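To start, the structure itself, in structure tokens.
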Amino acid sequence: MPEDTSILIELGALLFGLGLLGRLSRRIGLSPIPLYLLAGLAFGHGGLLPLAASEEFIAVGSEIGVILLLVMLGLEYSAGELVGNLRAAAPAGLIDAVLNALPGAAFALLLGWGWLAAVVLAGITWVSSSGVIAKVLGDLGRVGNRETPVVLSILVIEDLAMALYLPLLTALLAGVGLVRGGIALGVAMLTVGLVLVVALRFGNLISSALSAGDPEALLLGVLGSTLLVAGIAAKLQVSAAVGAFLVGIALSGPVAHHATELLSPLRDLFAAVFFVFFGLVTDPRDMPPVLVPALVLAVVTVGTKLLTGYLAARRVGVGEPGRWRAGLALAPRGEFAIVIAGLAVSAGTVEPRLAALATAYVLITVVTGPMLARLPDTAWFKQWLRGRADNRIRQPLPTPD
């Protein structure tokens, strides 16, 4: 009973404090994500007052937060839109992999950490944070923007690629043979294909099994099915985020509309817990030695993500402001980067400093990413874009020979 009381006190104080931080962030026109992360750092390992009693609960809540962020994004789009966007974004996904994985691999080799660390760091710098980006898009009211499907398609391609990358990386770190590594990769591919088929082919049946007229039953049904599919996907070494996103895609019509309304408060609650947990598991004392390398890597890969989003949005005819919004939205890295670093360090076969570097790198991109995403909405940035457009108009046309 005393331990239960401590959990209630810690959670109550934490949530109340997050509410005050959220209110403060909106008053100063800032995303609440950096403030939530700083709160986690203050009360985590090596912080001012560690939250020992409630850490396990917060860990589970953070997983639910990512799942809810992704299912809510999936509810905004139909299965047909998903397939169309994925086909259109396939070249952008390839560009994304090349531009953002290579800097991480090159950085590890330059530091002399070896080829295995290069494979690890390539995955860390490649994949953006679906959870953070989903929160930012919602906060900025951009879910309906023309560039948003481009951003989401790149995120889905990355998450699907992670479903193949993680089993392969696990096999490399464990030093297993080609046969066992191939089996793990085959199971992952089969699972991804199965989830996609169920979501795209049988989405109408799933929607018809849920009642849009009964809020309680709808909430329990959608939340339960989302957690179930996400858990099964994670168990089979596939991203839980992909499973949750595809559940949202599978739901349509009044069910999707009412589910969005019912899940919105839960999403906001658990998303805040997710960002706090990220800070809780980060020890600030590990940051100083790797801060400069992490900052250099962050600057380079934020630039490559900006180029990725810009080119992908231009390819489908989005205007220049939307291209910048797409590129800057992709900057944050998050949950996958920490998972990859954790796998590598626990295997004991890579440089131990890699975990601290990955944590500092992710923290930098997660704190600066929501701020960078707001740049296209500022007056001076819009003025700069208008100046660029005016200069292009004033340029003389080439004279014919």
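Grab the helices (runs of 4 or more DSSP H) fully contained in region 280-378, keeping just those with 1 or more residues being of a type in the set (Ser, Thr, Tyr).
On the way: elements: 291-315, 320-329, 335-347, 353-373.
It comes to 291-315, 335-347, 353-373.
Considering every residue within region 258-279, establish whether at least one is in contact (Cβ under 8 Å) with a residue 24 or more places away in the chain, over 30 Å from Ala174 (Cβ atoms), part of a helix (DSSP H, G or I) and acidic (Asp, Glu). There is no residue in region 258-279 that is in contact (Cβ under 8 Å) with a residue 24 or more places away in the chain, over 30 Å from Ala174 (Cβ atoms), part of a helix (DSSP H, G or I) and acidic (Asp, Glu). The number of residues in region 348-384 that are more than 24 Å from Ser129 (Cα to Cα), of a type in the set (A, V, I, L, M) and surrounded by 15 or more Cβ atoms within 10 Å (Cβ to Cβ) comes to 0.
For the structure I just gave you, tell me whether Phe270 is within 16 Å of the chain's Cα centre (by Cα), closer than 20 Å to Gly224 by Cα and at pLDDT 80 or above.
Working: within 16 Å of the chain's Cα centre (by Cα): yes; closer than 20 Å to Gly224 by Cα: yes; at pLDDT 80 or above: yes.
Yes.
The residue of region 34-46 that is modelled with the lowest pLDDT, among those that are touching a helix residue (DSSP H, G or I) at 6+ places or on another chain (Cβ under 6 Å), surrounded by fewer than 23 Cβ atoms within 10 Å (Cβ to Cβ) and not aliphatic (A, V, I, L, M), is Gly46. Taken as a whole, the structure leaves Leu178 outside the set of residues that are among the aliphatic types (A, V, I, L, M) and modelled with pLDDT of 75 or more.
Within region 224-251, the set of residues being at pLDDT 85 or above and surrounded by fewer than 19 Cβ atoms within 10 Å (Cβ to Cβ) comprises Gly224, Ser225, Leu228, Gly231.
The values are calculated or read from the model by the stated rules, or taken from the named source; none is laboratory data. Source: prediction; values computed, not measured. When we count neighbours, we look across all protein chains shown, and the Cβ atoms used for this are built from the backbone with ideal geometry, even at glycine.
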